[in-house]
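Please treat every number below as a calculation from the coordinates, not as lab data. It should be emphasised that the depicted structure is a prediction, and the values quoted were computed from it without experimental measurement. Cβ placement follows ideal geometry from the backbone for every residue including glycine, while neighbour counts extend to all protein chains displayed.
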Amino acid sequence: MKKSKHIQLLLITAVLASCNRPGKQPDWQSGNKTYIRSDSTAPYTTVHHYYHGGGIGNALLWYYAFRPYGHYYNGYYQRAGYYSDAIHESSNIGSNTFKSTVIRGGFGRGFSVSS
Amino acid sequence: MERIRINARNHWQQAVEQLGFGFHTTNVPYWDETAYYEFTMDEVLYIEKATAELWDLCLGAVQHVMDNNLYSRFSIPEAFIPYIERTWTEDHPSIYGRFDFCYKNNQLKMLEFNADTPTSLYEAGIVQWFWLQDFDKGKDQFNSIHEKLIAYWKYLQAYLHPGTLHFTCLKETLEDLTNTEYLRDCAIQAGLETKLVFIDDIGWDTEVQVFRDRENQPLQNIFKLYPWEWLINDEFGAHILTDRNRTFWIEPSWKMILSNKAILPILWELYPDCPYLLPAYFEEGKLLNYVKKPILSREGANITMVRNNTTVQQTAGDYGAEGFIYQELFSLPEFGGNYPLIGSWVIGQEPAGMGIREASSLITDNLSRFVPHLIK
């Protein structure tokens, strides 16, 4: 019934175990303000923070703090800048035209597909 | 099949968390190792045989739905029919599915087929196997899920578009992420280049007419733990039909037919002599004892159980707008107030193992517990 006695997991234990750790309470409430932008064509704004109650929310917020964006040209990836969910829209978009051809948020509903 | 009560391992929470299994407890325990189910080898072979035969019947039923244009029964939008048929005739890659069985008095009956977005894969493939290593290493389990996933990803590699295989699920749900990342783990071990993108982060390039990930890499192949009935009704759903990359979505869209409970009356109409099927109908009034199920629903929502024309149990929910089917009542066996449901996995085209979810009532809902098993 069992084909092999040895099971190896490359990815999942480390990634998901880290998601399951209780999140450190954010320092954002300390009163210090951080001004930030993700695109050199965009103005700086103060960082706003959304807190999802610990666990996965925090881990993913950390992971996705700054995601690079870019495009493929002749088979090569060219990085053009960064996005972040944690900063104001005006500091994300700037005047970079490449970002405007890609729209997001058209998929996704519900809380879980569990079945 | 017997239910044996035992003591849970000391520090079992740590043991399962070390495996990356973080959703073992919500408001109530989900992973429950205070008991296990014991099966004889004959029973396991019977479940395995039924799984293989039902999978074949299901493929026949898909062809029947297409040949007879029965899509309206499934509430599938007309615009998607040519696409669904293309994914079927071109044999787009598919990796898995899970039959839900009721096993009682030496009879095995299929209650439904989770063909599109089955979960509890990690619990069945990994967590219960490591539990067995601690509990009784000398015993076996109906479980080759892990090996078959790696082997089938390896096989599928030749049929995918060149490049990355993306994996996607909803944000903020550890259960979905665990299942998705587990599948990705197996794909990596099979030698595939993979990448995770959350479903809400997928972008549509209005100029080039392709889907892109967060780094704007075009999508070519994507495994989705996200149901087709949501995908096609989302704002970007129609873009799947115009996508210039003709991205392979895994599971493929023809699974919309099998994951819909409208397949149950069709299977019964086609194969009334199959010992694993229960009588099922689109019309009310043909059965005295039955379960009324929405054709599209999740986690036991909007189910009504009727005996002698009297409702004996009912669950709430938001499903049912697309219609219902009526399936003969074959209630789950009871083991001291616990009602186990067998989830039997098909990986690739083969039976691959099972997981047992146990509820405190006859309807298996989102409060059910996962209980490990072994072979006697």
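Some observations on this one:
- Anisotropy class of chain B from Cα gyration tensor, a/c 1.5 cut: oblate
- Sum of -39500 (n - 2.57) over DSSP H runs of 4+, divided by residues of chain B (222 nm, nearest 500): -7500 deg cm²/dmol
- Length-normalised contact order of region B:154-250 in % [C-alpha pairs under 8 Å, at least 6 apart]: 32 percent
- Among B:Asp201, B:Asp365, the order by Cβ neighbours within 10 angstrom, fewest to most, reads B:Asp365, B:Asp201.
- Net charge of Cβ neighbours under 11 Å - reference B:Gln189; Lys, Arg +1; Asp, Glu -1: 0
- Look at B:His161, B:His166 and count the other Cβ atoms within 10 Å of each Cβ; fewest to most, that gives B:His161, B:His166.
- For chain B, share of DSSP beta bridges that run antiparallel, in % to the nearest 5: 80 percent
- Centre-to-centre, using Cα atoms only, region B:222-242 and region B:34-65 are separated by 29 Å.
- Among beta bridges identified by DSSP and lying wholly in region B:93-216, the antiparallel ones come to about 75 percent.
- Cβ-to-Cβ counts within 10 Å put B:Tyr46, B:Tyr122, B:Tyr96 in ascending order as B:Tyr46, B:Tyr96, B:Tyr122, the fewest first.
- Which of B:Gln13, B:Leu57, B:Ala35, positive extreme of dipole for region B:3-81 (C-beta unit charges): B:Gln13
- Listed residue pairs exceeding 27 Å between alpha carbons, taken from B:Lys49/B:Lys195; B:Lys154/B:Lys224; B:Lys104/B:Lys154: B:Lys49/B:Lys195; B:Lys104/B:Lys154
- Kyte-Doolittle mean at least -1.0 and Cα axial length at least 15 Å: DSSP H helices in chain B: B:41-67, B:145-156, B:174-189
- Between region B:160-207 and region B:341-370, the Cα center-to-center distance that results, in Å: 24 Å
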